[in-house]
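The values are calculated or read from the model by the stated rules, or taken from the named source; none is laboratory data. Keep in mind the model is a prediction, meaning the values are calculated, not measured. Because the Cβ atoms are built from the backbone with ideal geometry, glycine has one as well, and the counts that use them run over all protein chains shown.
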Amino acid sequence: MKTESKLEKVLAAGHLAVTSECGPPRGCMPDKVREKGKYLEGVVDAINVTDNQTAMVRMSSLAASAILRQEGLNPLLQVVSRDRNRLAMQADIIGAYSLGIDTMLCLSGDHTKFGDHPMAANVHDIDSIQMIQMVKRMRDEGLFQGGAELKNPPKMFIGAAANPFADPFELRVLRLAKKIAAGADFIQTQCIFNVDKFEKWMEGVRSMGLHKKCYILAGITPIKSVGAARYMKNKVPGMDVPQEIVDRMAAQPKEKQPEEGITICIETIERLKKIEGVAGFHIMAIDWEEKVKEIVERAGLLPRPVV
Amino acid sequence: MDNFEPVIVAFCCHYCAYTAADMAGSQRLSYPPNVKVIRVPCSGKVDAMHVVKAFEKGADGVYVAGCLEGDCHFKNGNTKAARMVAYVRRYMDEIGIEPDRLEMVTMSAGMGYRFAQVATEITEKIRRMGPSPIHAAIETGKAA
Amino acid sequence: MITAERKPLEELIEYIRPYRRILLVGCNECVTVCAAGGRKEVGLLASGLQMALLKAGASIEVREHTLERQCDPEYVEELVPMLDGVDAVMSMACGCGVQEVARRFKNKPVYPALNTKFMGASERQGVWAERCMGCGNCLLGETGGICPIARCAKQLMNGPCGGSTNGHCEIGDDVDCAWALIWERLKELGQQDRYVEIAPAKDWRAGKGAGPRKIIREDLAE
């Protein structure tokens, strides 16, 4: 065991792990964070706290994570390389660990173009893979990125993202291998709608033995409406929503669409459970946190193991 | 400027519009004397600078006359000219000269009638628009 | 080369409005090649400025001159006899040229006519694209001759990110994914193993990180 992370314990014990996410509010509303956290209490093993998701300013992931921690929950701190240089990141990581946050996810982040501050500078002092290296070095060698000694290092369980649906497809497994070589302990994937393509990607993952070196949590997103399905299909870079999903949503009357979205989600989880190398699920119910419990329950993943 | 007679500069390609002007003459087709024809080896050789200078010197209207699409003697001089005209029209807008005072037209060497018609139409259009703001400012300057 | 674009005429007119006579100075180097500030553009701008002011009932005399290279003091010296009676200088060079003129003529206001954009190459006639950020420690040898710092929107040294679609960058279909290009090129060269190596965090001291940079060639420096 590398860390005290609840997520690591669940995974190491061989359980299918479940994580979900909480997008911090766009204002000083700590109660919003608590409210979103409440929906996930006892439902998931760790709660991802997004870091200026879609390049929109929100309460910092560190502060929101700290609030969740105070509530006795297990936050998973997301850090994007877009907004901070390596000094600021390391400071936040030490700060996070000092506040009891022991699990994190290293990301590059959406380009500022997509957010509400397109005029801002994109920092990208280091990239997500270099961030993984940095955190691992802090944890395992007790050294800062710059080489100086770090007293009482943060024992972070290190996560990274993978998108099996982006191009070039042949690099998708290789890049995952680079993240694992850099020190990623677990992976959360982009939302999976195209299970066939995901299966193909996992074949590549298994052929390199990567599923044995790192835990892979499959990304799941319930779709609320046919409009949302179309938007994700056409407008979100790196998303792969097959036409049949859009058609299934469209076949339902408006009021039945959310229910259909949840059903698709459960079916997807059931299919993914059968794929060798899938170590758990990351459920991204964007502004729909109240539905996560139902999904986890219907997918037969409740109660969560006590470790 | 009650009896406004516009000054129009026409940059005419030797291989088409300039020959068409000749043709118009031999066919006894008249066109307004306001149009000052400048022969160029290809419409693509007309530079933005030539057009801008024409306006600076007081032209009320300018047009570049090149070959029909696909018929340029030098392959694509006419399409280059069309892009140059579009560019200068945007610049004219910045300066504060109505972009419609500048046009790109095409014709073949045999189109004497079209040459006369284009010359007449453009002259009438510019006459309706009145003197270019630069022409007007030059005149005001002279009067003062 | 260094690429640039002319500022909007309106902005330039605001700069020169107080003056009666200005010197408009072009440069025969990069900005001539990218059609922003060479002799021809100097002529076009001089005409445009004069017409715009004339139209507004004002007038200005614009002297025109184009230097061989505006970022070298030897050439800037050429301007000395032309500055007599000139109220201000407007430079059509890149930011380097503007500053060189400003440094030489301390009591003349110097205004930029261009927005300096980037170090780039000509993709085709009339199209220039960014190629280099001057990071001071070239890694093109590792990346198949395509720079991820200048050409990846997130300057990922270990890309591509999850937004790469069909060879395009997530910021727009008109932008190539640098890492898709790098991968294609590495394959062509049979250097796929280069991709597998993790590029370590960059030392930005060679670049802007250490503050303004200077090169001193001892054998040449006087």
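Of all the residues that make up segment A:162-190, how many are assigned to a helix (DSSP H, G or I) and either under 15 Å from residue A:215 (Cα atoms) or of a type in the set (Lys, Arg) (or both)?
Of the residues in segment A:162-190, 10 are assigned to a helix (DSSP H, G or I) and either under 15 Å from residue A:215 (Cα atoms) or of a type in the set (Lys, Arg) (or both).
When you scan segment C:151-170, how many residues do you find that are of a type in the set (Ser, Thr, Tyr) and surrounded by fewer than 22 Cβ atoms within 10 Å (Cβ to Cβ)?
Summing the residues that are of a type in the set (Ser, Thr, Tyr) and surrounded by fewer than 22 Cβ atoms within 10 Å (Cβ to Cβ) in segment C:151-170 gives 1.
Check B:39, B:28, B:90 and return the single one that is outside any loop (DSSP other than H, G, I, E, B), more than 23 Å from residue B:139 (Cα to Cα), free of Cβ contacts under 8 Å to residues at least 24 places away in the same chain and of a type in the set (Lys, Arg).
The conditions single out B:90.
Given the criterion surrounded by fewer than 17 Cβ atoms within 10 Å (Cβ to Cβ) and within 14 Å of chain C (Cβ to nearest Cβ), identify the matching residue among A:232, A:239, A:208.
Selected residue: A:208, the only one of A:232, A:239, A:208 that is surrounded by fewer than 17 Cβ atoms within 10 Å (Cβ to Cβ) and within 14 Å of chain C (Cβ to nearest Cβ).
How many residues does segment B:20-65 contain that are away from chain C (no Cβ under 14 Å) and over 16 Å from residue B:5 (Cβ atoms)?
Result for segment B:20-65: 20.
Please verify whether segment B:30-41 includes one or more residues that are of a type outside the set (Asp, Glu), surrounded by fewer than 16 Cβ atoms within 10 Å (Cβ to Cβ) and at pLDDT below 95.
Yes, some residue in segment B:30-41 is of a type outside the set (Asp, Glu), surrounded by fewer than 16 Cβ atoms within 10 Å (Cβ to Cβ) and at pLDDT below 95.
Which one of C:13, C:22 is under 16 Å from residue C:87 (Cα atoms), touching a helix residue (DSSP H, G or I) at 6+ places or on another chain (Cβ under 7 Å), in a helix (DSSP H, G or I) and in the same structural domain as residue C:76 (by TED's automatic domain parsing)?
Being under 16 Å from residue C:87 (Cα atoms), touching a helix residue (DSSP H, G or I) at 6+ places or on another chain (Cβ under 7 Å), in a helix (DSSP H, G or I) and in the same structural domain as residue C:76 (by TED's automatic domain parsing) holds for just one of C:13, C:22, which is C:13.
Taking only segment C:41-100 into account, find how many residues are free of Cβ contacts under 8 Å to residues at least 60 places away in the same chain and either more than 14 Å from every other protein chain (Cβ to nearest Cβ) or part of a loop (DSSP other than H, G, I, E, B) (or both).
Result for segment C:41-100: 28.
Pick from segment A:11-68 the residues that are surrounded by fewer than 18 Cβ atoms within 10 Å (Cβ to Cβ) and among the charged types (D, E, K, R): which of them is farthest from residue A:294 (Cα to Cα)?
A:26
Select from segment C:182-202 the residues that are closer than 20 Å to residue A:128 by Cα, surrounded by 13 or more Cβ atoms within 10 Å (Cβ to Cβ) and more than 8 Å from chain A (Cβ to nearest Cβ) and write down the one among them that is modelled with the highest pLDDT.
Ranking the candidates gives C:182 first.
Taking residue C:135 and the conditions (1) out of contact with any Asp or Glu (no Cβ under 9 Å at 6 or more places or on another chain); (2) exposed (fewer than 15 other Cβ atoms within 10 Å of the Cβ); (3) in contact (Cβ under 8 Å) with a residue 12 or more places away in the chain, which numbered condition does it fall short on, given that it satisfies the others?
That leaves (2) as the condition not met.
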